[in-house]
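Visitor: This is the structure, below, for whatever I ask next.
The values are calculated or read from the model by the stated rules, or taken from the named source; none is laboratory data. Note that this is a predicted model, so its numbers are computed, not measured. Reconstructed Cβ throughout: ideal geometry from the backbone, glycine too, with neighbour counts over all protein chains shown.
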Amino acid sequence: MNKETSLVLLKGVLRSYSQIFFSESYWFAIPLVLVSFLDVSAGLSGLLSVVTANLIVSLLKFDKFIVAKGFYGYNSLLVGLGLGYYYELTLAIIVIAILAGFLTLLITIVFQGILGKYYLPYLSLPFVFSVWIVLSAGWMVSGTVDNQSGVYVLNKLFSIGGNPLVNLHHWWVGNITSNFLNNYFLSLGAIFFQFNVFAGIVVAIALLFYSRIAFLLSLLGYFVAYSAYNVLGMDMTQLGYSLIGFNFILGAIAIGGYFYIPSKQSFFWAFAITPIIALVAAGLLGLLKPFYLPILSLPFSFILLAFIYSLRYRTVNDHFKEVIIQEGTPERNLYSYQSFSKRFPNSGWIQIKLPFLGEWYINQGHDGENTHKGDWSHAWDFVIINSEKCQYSNEGEILKDYYCYGQKIIAPADGTIVVIEDGIEDNELGKVNLIKNWGNTVIIKHADGLFSKLCHLQKGSIEIKVGETVHYGQVIGKVGNSGRSPYPHLHFQLQATPYIGSKTLKYPLFTYLEDGKEIRTFSYPSKDQSVRSVEPNLLLKSAFNLIPGIKMNWSVKSPQSFDTISWEVFTNAYNKSYVYCYATKSIAYFHNDGVFFYFTHFEGDRKSLLYSFYLAAFRIPLIYIDGYKLTDYLPVNQTFNGWRLFLQDFLAPFYLYLTTCIEVSMIKNGSDFDLNSIEYHSRLSGYSFNNLAWTRKIKLKVSNDNSLSIEDQYNKIEAVCETY
């Protein structure tokens, strides 16, 4: 086994422990490993099973990414822990633990195949079925001895911590009499088959430092179950001592913070689903009792799968959002979602651009005063005007006097030509054609349910055919004066169906320059505005054209040293581009839409140069506009830390009082004809309850030789990248 395979194996084993709480954290895994060994028999048996499972998938060359996350190991770990809890670690149990690890892996892969077809998680179902099989086999195997360590609690505590731990136990029993608190800790410990309060306390503390939201949800889930058992008059001891209580804890964490974005809605549904889990748990206890089989995590797994599957049939995806890409903790999922939804509210929309080049004027917009009314209200009429806002030269007595007449019209996005109407003569000025009121028309299909229509074109100017595939910028035809058009103009609309008389569809334009000074994205230009297509500055376009495979070498000067740092651009499995720093192992994900270059996520060292670059180029325009300023907001977990962020985490699903604002201004050195460089000056400001908590300034410079330089006053570093 080579070094890489060994490292993947180690990661998979460690993360198998934290995956029980839907986590990929190594630090969270360490106290959980220690807790599992409070009962040595359970701890060793669990370790044997989880190592077996991860070793097999590593040797069989399963996906290293999935193996390293612990997805193939946590069910085997739970089976091994259960086996060691019920039986002393004899030679027979050692052999069964190894075999059980392999068996559970096979069952895990089967469940992955079956449930994966429906994009559902297999959760801990493999663990339940494997434990039933293993326990049933254990009762028939000679050489097995029942584990009595759970009965002799004081002896176990003495072996772990001596008299101090025994005395602490006596103090706890004598002073902490709350059934709720004791059973809550017992339930947390029971997740690792450790039935004592101290195991639960260690797990609770580890959970608190891993995720404040998950900790709150664990309390919520258990509180609701505890209340339900009280109201229904059910046996309260089942919550702590019969492997039931942790169902409510894991169920609440899964719904409230892991599979769904933490929010008021997710907390509500975590609250609402817990009594259902309690009801199912009670029913399964009765059903399985004659077979002497424990219910384990079956109630939580069954109800969660049913809940997730049911929600796939929703017709409206409101504020209760499913997590698409896991960020590692509920907090990160939440902060990432809050930032992304605020910055890119129209993510996933087709990019429909202006159907022409140069600057044009809107003389009738949505809900126009003449023809854009009712079902046809969401359309634009474009013309070209001069500095005096006049549409024509000379006296405007002939069509050719109009500036827009005969101008080329382009495809606003990639698509397929579905309708062409041609052969209609241009009207004389002031007259209209009410029979063929749309005039010469082209309709382009961009996606199912999204078509663009360009009307009043010049007869014989249409240069494409029905069925032809066109790309953005390809010439479609020329502006004319056909149809219901008293003077030359372009009528442009989006619609949901491919017919000439279709109703309009309110759909934003991807990007345009408004009145020569404001960049608009996914917006609706209105009457009396001048608009033009955004054309990136060639220097900026080249500098930030970071395609996969590019290597960037930086010379970094700080008060302490002078270093050379190398970065490389990659693309991950989700087709997301990122910059990787070899020195610090940091990663910064980015996107370039041709108008803006922006970062979407950062992982790694906040003292690194890559983090400074992430802040400096968080969102920057690739077009230079005199006096242009941009404001954006960063995820608070990327800029705050320590006690401020720790406290914010508790309230984050309900109220965000920390904010980080970034303001970017641009400076051009030289003229358009002799450009030396363009600088981005970024000022970051962190606010707590709207009060300024900190500021940070960073300058990013793009020189005419395509080199980049960064000055970060906070880190006191200067860096230059000359080769990439």
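Visitor: Would you confirm whether any residue within segment 68-77 is touching a Gly at 6+ places or on another chain (Cβ under 7 Å), assigned to a helix (DSSP H, G or I) and among the hydrophobic types (A, V, I, L, M, F, W, C)?
Guide: yes
Visitor: Suppose the filter is modelled with pLDDT under 95, of a type in the set (Ser, Thr, Tyr) and part of a helix (DSSP H, G or I); does Ser555 pass it? It would help to see each step written out before you state the result.
Guide: Working: modelled with pLDDT under 95: yes; of a type in the set (Ser, Thr, Tyr): yes; part of a helix (DSSP H, G or I): no.
Judged against the criteria, Ser555 is not a match.
Visitor: A follow-up question, please. Going through Gly627, Gly642 one at a time, which residue ends up being modelled with pLDDT under 95 and under 21 Å from Tyr335 (Cβ atoms)? Give the derivation first.
Guide: On the way: Gly627 fails: under 21 Å from Tyr335 (Cβ atoms).
Exactly one residue qualifies, and that residue is Gly642.
Visitor: Would you call Ser530 modelled with pLDDT of 95 or more, under 39 Å from the mean Cα position of the chain (by Cα) and within 20 Å of Tyr628 (Cα to Cα)?
Guide: Details: modelled with pLDDT of 95 or more: yes; under 39 Å from the mean Cα position of the chain (by Cα): yes; within 20 Å of Tyr628 (Cα to Cα): yes.
So Ser530 fits the description; yes.
Visitor: Here is a check on your reading of the model: is Asp375 at positive phi, modelled with pLDDT of 85 or more and of a type outside the set (S, T, N, Q)? Before you say what the answer is, go through the steps one by one.
Guide: Details: at positive phi: no; modelled with pLDDT of 85 or more: yes; of a type outside the set (S, T, N, Q): yes.
Here the answer is no, as Asp375 does not meet what is asked.
Visitor: Condition first: of a type in the set (Phe, Trp, Tyr) and assigned to a loop (DSSP other than H, G, I, E, B). Now tell me which residues in segment 394-435 satisfy that. Before you say what the answer is, go through the steps one by one.
Guide: Step one: of segment 394-435, the residues of a type in the set (Phe, Trp, Tyr) are 402-403, 405.
Across segment 394-435, the qualifying residues are Tyr403, Tyr405.
Results for (1) within 16 Å of Gly221 (Cβ to Cβ); (2) in a helix (DSSP H, G or I), shown as yes or no for each residue.
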| position | (1), (2) |
| --- | --- |
| Phe248 | yes, yes |
| Ala254 | yes, yes |
| Gly283 | no, yes |
| Asn317 | no, no |
| Glu331 | no, yes |
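Visitor: Filter segment 584-634 for residues that are more than 17 Å from Glu514 (Cβ to Cβ), in a loop (DSSP other than H, G, I, E, B) and of a type in the set (Asp, Glu) and give the result.
Guide: Asp593, Asp605
Visitor: Identify the single condition in (1) out of contact with any Cys (no Cβ under 8 Å at 6 or more places or on another chain); (2) surrounded by 15 or more Cβ atoms within 10 Å (Cβ to Cβ) that Glu395 does not satisfy, given that it satisfies every other one.
Guide: Of the numbered conditions (1) out of contact with any Cys (no Cβ under 8 Å at 6 or more places or on another chain); (2) surrounded by 15 or more Cβ atoms within 10 Å (Cβ to Cβ), the odd one out for Glu395 is (2).
Visitor: Within segment 509-518, identify whether any single residue is over 26 Å from Ile667 (Cβ atoms) and of a type outside the set (Phe, Trp, Tyr), and answer yes or no.
Guide: Step one: of segment 509-518, the residues over 26 Å from Ile667 (Cβ atoms) are 509-510.
Cutting the leftovers down to of a type outside the set (Phe, Trp, Tyr) gives us 509.
Yes; the residues of segment 509-518 include at least one that is over 26 Å from Ile667 (Cβ atoms) and of a type outside the set (Phe, Trp, Tyr).
Visitor: Which one of these does Trp643 not meet: (1) without any contact (Cβ under 8 Å) to a residue 24 or more places away in the chain; (2) in a strand (DSSP E or B)?
Guide: Only one criterion in (1) without any contact (Cβ under 8 Å) to a residue 24 or more places away in the chain; (2) in a strand (DSSP E or B) is unmet by Trp643, namely (2).
Visitor: Out of curiosity, is Tyr578 out of contact with any Pro (no Cβ under 6 Å at 6 or more places or on another chain), at pLDDT 95 or above and within 18 Å of Leu700 (Cα to Cα)? Show your work before the answer.
Guide: Working: out of contact with any Pro (no Cβ under 6 Å at 6 or more places or on another chain): yes; at pLDDT 95 or above: yes; within 18 Å of Leu700 (Cα to Cα): no.
It is false that Tyr578 is out of contact with any Pro (no Cβ under 6 Å at 6 or more places or on another chain), at pLDDT 95 or above and within 18 Å of Leu700 (Cα to Cα).
Visitor: Something else: Report yes if some residue within segment 103-117 is of a type in the set (S, T, N, Q), over 18 Å from Ser36 (Cα atoms) and touching a Leu at 6+ places or on another chain (Cβ under 6 Å); otherwise report no.
Guide: The first filter runs over segment 103-117 and keeps only residues of a type in the set (S, T, N, Q), leaving 104, 108, 112.
Now restrict to residues that are over 18 Å from Ser36 (Cα atoms): 104, 108, 112.
After this cut, where a residue has to be touching a Leu at 6+ places or on another chain (Cβ under 6 Å) as well, the list is none.
So far as segment 103-117 goes, no, none of its residues is of a type in the set (S, T, N, Q), over 18 Å from Ser36 (Cα atoms) and touching a Leu at 6+ places or on another chain (Cβ under 6 Å).
Visitor: So, of the residues in segment 287-311 that are of a type in the set (Phe, Trp, Tyr) and in a helix (DSSP H, G or I), which turns out to be surrounded by the fewest Cβ atoms within 10 Å (Cβ to Cβ)?
Guide: First, the residues of segment 287-311 that are of a type in the set (Phe, Trp, Tyr): 291-292, 300, 302, 307, 309.
Cutting the leftovers down to in a helix (DSSP H, G or I) gives us 291, 300, 302, 307, 309.
Working: Phe291: 8, Phe300: 29, Phe302: 20, Phe307: 19, Tyr309: 13.
This residue is Phe291.
Visitor: If a residue must be surrounded by 13 or more Cβ atoms within 10 Å (Cβ to Cβ) and of a type in the set (Phe, Trp, Tyr), how many such residues does segment 550-582 contain?
Guide: Of the residues in segment 550-582, 5 are surrounded by 13 or more Cβ atoms within 10 Å (Cβ to Cβ) and of a type in the set (Phe, Trp, Tyr).
Visitor: Still on this model: Name every residue in segment 464-496 that is of a type in the set (Phe, Trp, Tyr) and over 41 Å from the mean Cα position of the chain (by Cα), in order of residue number. Walk me through how you get there before you give the answer.
Guide: Taking segment 464-496 first, the residues of a type in the set (Phe, Trp, Tyr) are 472, 487, 492.
Across segment 464-496, the qualifying residue is only Tyr487.
Visitor: Can you name the residue in segment 16-65 that is among the aromatic types (Phe, Trp, Tyr) and farther than 19 Å from Tyr86 by Cα and is also surrounded by the most Cβ atoms within 10 Å (Cβ to Cβ) among such residues?
Guide: First, the residues of segment 16-65 that are among the aromatic types (Phe, Trp, Tyr): 17, 21-22, 26-28, 37, 62, 65.
Narrowing further to those that are farther than 19 Å from Tyr86 by Cα: 17, 21-22, 26-28, 62, 65.
Working: Tyr17: 29, Phe21: 25, Phe22: 21, Tyr26: 13, Trp27: 12, Phe28: 22, Phe62: 18, Phe65: 11.
This residue is Tyr17.
Visitor: May I pose another question? Quick check: is even one residue across segment 421-439 of a type in the set (Phe, Trp, Tyr) and free of Cβ contacts under 8 Å to residues at least 24 places away in the same chain? Quick ask: steps written out before the conclusion?
Guide: Filtering segment 421-439 for residues of a type in the set (Phe, Trp, Tyr) gives 438.
From what's left, free of Cβ contacts under 8 Å to residues at least 24 places away in the same chain: none.
Checked segment 421-439: no residue is of a type in the set (Phe, Trp, Tyr) and free of Cβ contacts under 8 Å to residues at least 24 places away in the same chain.
Visitor: Related question: For residues in segment 103-114 being buried (at least 17 other Cβ atoms within 10 Å of the Cβ) and hydrophobic (A, V, I, L, M, F, W, C), which is farthest from the chain's Cα centre (by Cα)?
Guide: Ranking the candidates gives Leu103 first.
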